[in-house]
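Participant: Got a structure here, written out as structure tokens. Questions coming.
Readers should treat all values here as calculations from the given coordinates under stated rules, not as data from a laboratory. Predicted model only: the values in this text are computed from it and were never measured. When we count neighbours, we look across all protein chains shown, and the Cβ atoms used for this are built from the backbone with ideal geometry, even at glycine.
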Amino acid sequence: MTGDQSAADAVAPDYGLIAPITLPADGRIPDEATGVSSPAEYDGYFRLRRDRPDLQAWSRSCLDVQRGILADLALTDLSAEDRCDILAGCLVVLHTTLEHWVGVSGTRSREAA
Amino acid sequence: MSRRSPGDRAPAGQPGPLRVVDAADTDRAVLRWKLGHQLFHLHLTAMNTLLVDAHAELESGHWPELTACLDHLRVLYDAATATMRYASDFSQGTYERIIRPSMAPPFLSPGFSGTLNLEHEQMLERFRVLRRHLKQMQLAGTAPATVAEAGARLWQAQSRNRKNHVHVCAKFVPEGKSLLNDYFREQREKTDRGQPAAPDDAREDDV
């Protein structure tokens, strides 16, 4: 029994009237491919961990991946345009993340005042 | 240093020479394939965030903010396109010997596919909704021309992405055989031989 199942079974009080049901993790009715491979297997293959990361953990992931890309980009056969597009994308990801940091920081400052 | 790859097999009944695989080339391919996909997921997550923001700006009629959102989404779409080229920046031979087998049994379950990418599915759905709403506003004449122009740039980026996906698939799998389709073909063949099989249908998207 998984931790999630234990938690579902442990929810009270429903006086034993209700049994847990199984729902698809992707929120859709299983089709012919479901149950063969799965989103969890996809995530495992590409080393994607799904939880509820805070802004710091998300930012660390951005830095780790972008550091790896920056170290390898000059060794690729990609065109200058492709490299520029990748770097511009990295910039927007970091820009959007910084805006969230500023928002969080602003909220904390207002709370502290 | 050299190593054997999962794809190096001698013909049945023959000893066959070992194929020497360049370890550095293999490492580079694995790194680019997986790190490139991780970057793709960062882009997708940022896109999903901006798509939610864009929807809110549209609902509020904040046109300059909506235009900025659409332009950032366009940059991310083009980045995703180039990132897929980065992820596949290695030879077809390495794909056949190393990468493709790594996504198939015994390493993974049959039917492994790009359709299992959750962020991509979410992004496509949010994109469809945003496009429909933008179109309605354009028809009603409520959105300014700058929004329509930013939207047009974004759809062009999406079109470039789809064309690139076709090129990447054609580079590695010239006959367009996806792992998912392979799985269902094998199931059909089992059925033809009288063995139990999964239903025969397939989705086209491969990783």
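Participant: What order, most packed first, do the peptides B:49-60, A:60-71 have when packing is the mean number of other Cβ atoms within 10 Å of each residue?
Facilitator: Result, highest mean first: B:49-60, A:60-71.
Participant: How long is the gain from A:THR22 to A:ASP43 if the chain were fully straight, where each residue apart is worth 0.36 nm and the alpha carbon distance is subtracted?
Facilitator: Once the chain is fully extended between A:THR22 and A:ASP43, it gains 5.5 nm.
Participant: Considering every residue in A:66-79, what mean count of other chain Cβ atoms within 10 Å of its Cβ is obtained?
Facilitator: Taking all residues of A:66-79 together, the mean is 4.
Participant: Continuing with the same structure: Kindly provide the pair-distance distribution of the range B:104-170 built from C-alpha pairs, with 10 Å bins from 0 and whole-percent values in order of increasing distance.
Facilitator: Using 10 Å bins, I get a P(r) of 17, 34, 27, 14, 6, 1 for the range B:104-170.
Participant: In nm, to one decimal, how far is the B:ARG160 label point from the B:LEU124 one, both placed 7 Å along Cα→Cβ?
Facilitator: 2.1 nm
Participant: In addition: Chymotrypsin sites (Phe, Trp or Tyr not before Pro) within the range B:37-141: which are DSSP loop residues with at most 10 other Cβ atoms inside 10 Å?
Facilitator: Here no loop site has a sparse enough neighbourhood.
Participant: Going by amide H atoms built from the backbone, whose H comes under 5 Å of the H on A:SER37, apart from near neighbours?
Facilitator: none
Participant: Further, regarding this structure: Can you compute 3J(HN,Hα) from phi for each residue in the range B:69-84, using the Karplus curve 6.51 cos²θ - 1.76 cosθ + 1.60 with θ = phi - 60°, rounded to whole Hz and x for Gly and Pro?
Facilitator: 3J(HN,Hα) across the range B:69-84, in whole Hz: 4, 5, 5, 5, 5, 4, 4, 5, 5, 5, 5, 4, 4, 5, 5, 5.
Participant: Averaged over every viewing direction, what's the projected area of the C-alpha convex hull for the range A:53-113? Give it in nm², one decimal, please.
Facilitator: 4.7 nm²
Participant: Got a sec? How would B:SER91, B:SER102 order by Cβ neighbour count within 10 Å, fewest to most?
Facilitator: B:SER91, B:SER102
Participant: Can you compute the FRET efficiency between A:LEU73 and A:HIS100 using 1/(1 + (r/R0)^6), with r the Cβ-Cβ distance and R0 = 22 Å? Round to the nearest 0.05.
Facilitator: E(calc), rounded to 0.05, equals 0.30.
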